[in-house]
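One structure is given here, and the rest of the page talks about it.
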Amino acid sequence: MLRQSKSPLLSLPGAVPAEGPDEGVAAHYGDPFREQRALADGSGFVDLSHRGVVAVSGDDRLSWLHLLLTQHLTELPPGQATEALILTANGHIEHALSLVDDGTTVWAHVEPGTQEALIAYLESMKFFYRVEVADRTDDIAVVHLPAGSIAEVPDDVVVRETPHGRDLFLPRERLESFAAEHGPAAGVLAHEALRVEAHRPRLGLETDHRTIPHELGLIGTAVHLQKGCYRGQETVARVQNLGKPPRRLVFLHLDGSEVHLPGHGAPVRLASDGVGGRQLGFVTTAVRHYELGPIALALVKRNVPVDAGLIVGEGTAAAQEVVVEP
């Protein structure tokens with residue numbers, strides 16, 4: 001995966017660089033729990049300037065994207081946020097886009113380093129359509145304002161507003177001045193903790209090479225069932241009609257006495273089988289929440305009983321909450 005250049009906000013006091021997929025921005029600025037509380041209260045912002053930014057302009061942009069993505073876009077009103085996926089021919093999730101149309105251009109932010117592959121696919125599908133696809137990552141930075149924030153946004157900044165907050169497509173040269181005016185900054189650890197609490201999956205963490213949308217509860221949010229053909233639709237329709245995705249996303253409350261959080265990919269087993277039992281899934285994201293303590297998202301086999309006690313990793317007890325019905 002390609003990396004973006006480091007954010008200038010890593011020079012803020014207390015900034016600790018993030019690792020893994022969030023490399024390039026701050027994990028936290030000295031107190032992750034305080035930063036979580038601030039975001040939950042509608043204060044501050046999150047620097048997501050490492051995310052890729054793709055812009056699609058032209059008269060045919062919405063009708064063209066409608067043919068390629070899982071979302072219904074032909075009548076998307078300006079300013080209305082939505083989510084969409086690009087699937088493989090077998091219906092597996094390949095790209096995830098968080099997008100909004102400003103009346104002349106569709107703006108999307110995507111996982112760090114995935115924009116080049118996304119653009120290559122989009123360019124290969126242009127044919128005779130009146131569209132232009134551009135990588136705007138170098139000049140546009142994504143900034144997240146939490147739900148409830150009263151921060152004023154300049155009129156020339158594209159805003160993507162969701163129930164979880166506002167994503168700003170901010171000119172990159174204004175990132176430092178924005179931080180000075182709208183602080184305090186919160187790191188991606190705080191942002192991730194609230195994401196896990198809200199059961200929101202993330203490409204590359206809650207997905208692997210065989211993840212289909214039904215397993216993550218994305219039908220209705222990122223996948224529209226009443227639209228025309230797109231790549232992978234046959235799998236979507238078949239699983240929707242049969243109602244049997246092979247796996248399901250679960251939310252886990254982890255034993256708080258453990259010092260270390262389970263890593264991505266840590267095995268999930270039935271507590272009754274112990275650590276030597278058969279693996280029934282894996283942890284996708286584990287975080288420490290300022291109120292809930294250690295929590296996680298995990299993918300488990302569909303037939304795992306919803307009331308079954310689980311253990312993760314080397315024996316950490318976990319109680320599950322249903323995210324996707326079996």
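In table form, for the structure just shown:
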{"quantity": "log10 of Debye I(q)/I(0), alpha-carbon scatterers only, for the stretch 145-243 at 0.11, 0.13, 0.19 Å⁻¹", "calculated": "-0.52, -0.68, -1.04"}
{"quantity": "Computed helical MRE - 222 nm, the chain, DSSP H runs ≥ 4 contributing -39500 (n - 2.57), nearest 500", "calculated": "-5000 deg cm²/dmol"}
{"quantity": "For the stretch 246-326, Kirkwood radius (reciprocal of mean inverse C-alpha pair distance, Å)", "calculated": "12.2"}
{"quantity": "Of H209, P154, A18, farthest towards positive along the dipole that unit charges on Lys, Arg, Asp, Glu beta carbons give the chain", "calculated": "H209"}
{"quantity": "For the chain, built as a Gaussian network whose Cα springs stay under 10 Å, the top-fluctuating residue of G232, G79, G274", "calculated": "G274"}
{"quantity": "Percent RCO, i.e. relative contact order, over the stretch 120-174, from Cα pairs under 8 Å lying at least 6 residues apart", "calculated": "36"}
{"quantity": "The chain, dipole about Cα centre (Lys/Arg Cβ +1, Asp/Glu Cβ -1), debye to the nearest 20", "calculated": "1100"}
{"quantity": "Separation between Cα centres of the stretch 196-254 and the stretch 1-74, rounded to whole Å", "calculated": "22"}
{"quantity": "Relative contact order computed over the stretch 246-326 (Cα-Cα under 8 Å; 6+ residues apart), in percent", "calculated": "42"}
{"quantity": "Value of Rg to Rh for the stretch 52-135 (Rh from inverse mean 1/r over Cα pairs, i.e. Kirkwood)", "calculated": "0.92"}
{"quantity": "Hits among lysines - C-alpha to C-alpha of K126 under 28 Å, sequence gap 8 or more where chains match", "calculated": "K227"}
{"quantity": "For the chain: relative contact order, % (alpha-carbon pairs under 8 angstrom, 6 or more apart)", "calculated": "19"}
{"quantity": "Within a Gaussian network of the chain (alpha carbon springs, distance under 10 Å), most fluctuating of F178, F128, F251", "calculated": "F128"}
{"quantity": "Cα-centre dipole for the stretch 52-135 with unit charges at Cβ (Lys and Arg positive, Asp and Glu negative), debye to 20", "calculated": "140"}
{"quantity": "Highest-MSF residue in the chain out of P171, P13, P201 [GNM, Cα springs under 10 Å]", "calculated": "P13"}
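Where a number appears in this text, it was derived from the coordinates with a stated rule and is not lab data. Computed from a predicted model, the values in this text were never measured in an experiment. Here Cβ is always computed from backbone atoms with ideal geometry, including for glycine, and neighbour counts include all displayed protein chains.
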